[in-house]
Amino acid sequence: MTDAERRSRASEAFFGRRKGKPLRERQAQHLQTVLPVLKVDLSAPAPADITTLYDFPPNRMRLEIGFGGGEHLIHRAQETPDTAFIGVEPFVNSMAKLIGSIEETGARNIRLYDDDATVLLDWLPAASIDQIDLLYPDPWPKKKHWKRRFVSKVNLDRFARVLKPGGLFCFASDIDTYVNWTLMHCGSHPAFVWTAENAVDWLTPFAGWPGTRYEAKAKREGRKSAYLTFRRL
């Protein structure tokens, strides 16, 4: 994306507010001391081999965009310690919460980015990521705000560039219009194919799914979730 294109949608950010209630002292300290160590530094060119960001040789690279409370990301990091993760979350309180979980569990296979995911996607080397997770993203339910939904032609182009051939894009939402939106956009994109063979496939949570607070809220409010998996051709 050119600088002009990026400026043209500066008021159409894919995320909302950046900060909520005041952080506890320890959380604030984590942001000052731990985040700089784990944060992906985009001021330098991306390494040809993205796995060199880690102090071990990972078998897979996985990117989670908008990790929210971090329940899923920390679960996956502990579940598959030989996989390297990059977690993106602009919301300060959520970032502080995840860093607390990283400190508590000792997970060493997570790197972080606390700003616009599109900038990170543009920085990453081509064909460097095995899986991208976009789980319960902000649905921007009003039609006038649909342009702010993260799933779009331009962002699917970004996904296609950084995903390895055969790599996966996993999407979960409880909002029917966003599920249909994602199916439509991925269905019309030449780089992706939906892997579902029947309704059970997209109504069943992903393997090893730990659940999230957003999913729990949806269930309490009577909404069903869809779990979509697309493969990079």
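Once the Cβ-Cβ distance of Asp116 and Ala44 is raised to the sixth power relative to R0 = 30 Å, the FRET efficiency obtained is 0.95. Charge dipole (Cα centre; +1 on Lys/Arg Cβ, -1 on Asp/Glu Cβ; no other charges) of the chain amounts to roughly 900 debye. Sparse packing (at most 10 other Cβ atoms within 10 Å of the Cβ) combined with a DSSP loop state is found for the following GluC sites (Glu not before Pro) in region 133-233: Glu197, Glu221. Residues whose amide H lies under 5 Å from that of Phe192, counting only those 5 or more places away or on a different chain, are Leu233; hydrogens are built 1.01 Å from N in the peptide plane.
Among Pro58, Pro90, Pro137, the largest mean-square fluctuation in a Gaussian network model of the chain (Cα springs under 10 Å) belongs to Pro58. Surface listing: Val162, Val200 arranged by accessible area from highest to lowest gives Val200, Val162, probe 1.4 Å.
In the structure shown, the pairs Lys143/Lys219; Lys39/Lys219; Lys39/Lys97 are assessed against 26 Å; a Cα-Cα span above that value is assigned to Lys39/Lys219.
Taking trypsin sites (Lys or Arg not before Pro) across region 78-139, the ones in a DSSP loop with at most 16 further Cβ atoms lying within 10 angstrom of their Cβ are Arg108. I'd like the distance between the alpha-carbon centres of region 183-233 and region 131-145, rounded to an integer number of Å. So the two Cα centres are separated by 13 Å. When DSSP beta bridges are limited to those with both residues in the chain, what percentage is antiparallel, rounded to the nearest 5? In the chain, DSSP labels about 30 percent of beta bridges as antiparallel. Coupling constants for region 63-72 follow from the phi torsions by the Karplus curve (6.51 cos²θ - 1.76 cosθ + 1.60, θ = phi - 60°), and in residue order they are 10, 10, 9, x, 7, x, x, x, 4, 5 Hz; glycine and proline get x. On the basis of the beta-carbon distance and an R0 of 45 Å, Trp194 and Arg26 show a calculated FRET efficiency of 0.55. Among the protein heavy atoms of region 95-233, carbon and sulfur supply 55% of the accessible surface, probe 1.4 Å, non-protein parts ignored.
Taking 0.36 nm per residue of separation and subtracting the Cα-Cα distance, what length does fully extending Lys153 through Arg231 add?
26.5 nm
In order along region 28-45, the Karplus-derived 3J(HN,Hα) couplings, from 6.51 cos²θ - 1.76 cosθ + 1.60 at θ = phi - 60°, round to 4, 5, 4, 5, 7, 10, 8, 4, x, 6, 8, 6, 5, 8, 8, 6, 9, x Hz, and Gly and Pro are given as x.
The values are calculated or read from the model by the stated rules, or taken from the named source; none is laboratory data. Everything numeric in this text was worked out from a predicted model, so none of it was measured. Using ideal geometry, Cβ is built from the backbone for each residue, glycine included, and neighbour counts are taken over all protein chains shown. The accessibility values were calculated without ligands, DNA or RNA, using every heavy atom of the protein model including side chains. Shrake-Rupley method; radii C 1.70, N 1.55, O 1.52, S 1.80 Å.
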